[in-house]
């Protein structure tokens, strides 16, 4: 299985910080934000990774990550998204990289305390389809939210609603998804939403409609880091409770102050 990190966008909710660099390169406690989704994939045994980015600061990823070897990445590629077409539009750029294999997609501002190794193993043996990861949150109206059959979280999902005013449950679809190779055909068939974007919720609902979507509820904390409040929360969570991370690359001798 290969990994895809979606790290594009303009980061308008974090301006003026994002006027000088990509949102996903901002610090979360002691390391750049993008290190966390990278480690999430590595912890699951996924070491072939594509980073999809865009905007005028895309080159900063190459300065930071280079070929990824210092972080334990076996093979690292980059793709450039032109414009603001949404998550599913960015995902289309991963088709050649995936090369017919299953993929794990992580949004670049998502941080979890634990790991997704169990979910990745389950999806590896899943014959086809997709898997989404869920977490109970206090503010589900900010996210894609699931409705369960008979309101039972251990049962099947019957609907995913994007940013609902009246959430059908407190369980949000977090920004970590597993897909088979059909995802690229689904992305090509989507029409833009009212926001003018190709929505990842529409991708997940397409799998749901054909009865090929599974889910897991993750353990430990999860947060995004796309607003000032959530960025502060992410920093505090990492500082106080840690995340399942490797050691930072060592600074070469003689470098620094």
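Odds and ends about this structure:
- From the Kirkwood radius over Cα pairs of region 21-159, Stokes-Einstein at 37 °C and 0.692 mPa s returns a whole-number translational diffusion coefficient of 195 µm²/s.
- Alpha carbon centroid spacing (whole Å) that separates region 42-82 from region 143-162: 33 Å
- Rounded if a/c under 1.5, otherwise prolate or oblate - region 2-241, Cα gyration tensor axes: rounded
- Förster-model FRET efficiency, 25 Å R0, residue 20 and residue 232, C-beta, rounded to 0.05: 0.85
- Estimated distance in nm for a label pair at residue 181 and residue 125, the labels positioned 7 Å out from Cα along Cα-to-Cβ: 2.3 nm
- Relative to the current alpha-carbon distance between residue 147 and residue 66, full extension at 0.36 nm per residue lengthens the span by 25.0 nm.
- Evaluated at q = 0.15, 0.26 Å⁻¹: base-10 log I(q)/I(0), Debye formula over Cα of region 143-199: -0.56, -1.13
- Estimated 222 nm signal from helices in the chain, with DSSP H stretches of n ≥ 4 weighted -39500 (n - 2.57), rounded to 500: -7000 deg cm²/dmol
- Computed lengthening from residue 139 to residue 158, 0.36 nm per intervening residue step minus Cα-Cα distance: 4.8 nm
- Sorted by Cβ density within 10 Å, fewest first, the residues 214, 12, 201: 12, 214, 201
- Residue order, fewest to most surrounding Cβ atoms within 10 angstrom, among 230, 128, 154: 154, 128, 230
Bear in mind that the values in this text are calculations on the coordinates, not laboratory data. Computed from a predicted structure; not experimentally measured. Please note: Cβ atoms are built from the backbone with ideal geometry, for glycine as well, and neighbour counts cover all protein chains shown.
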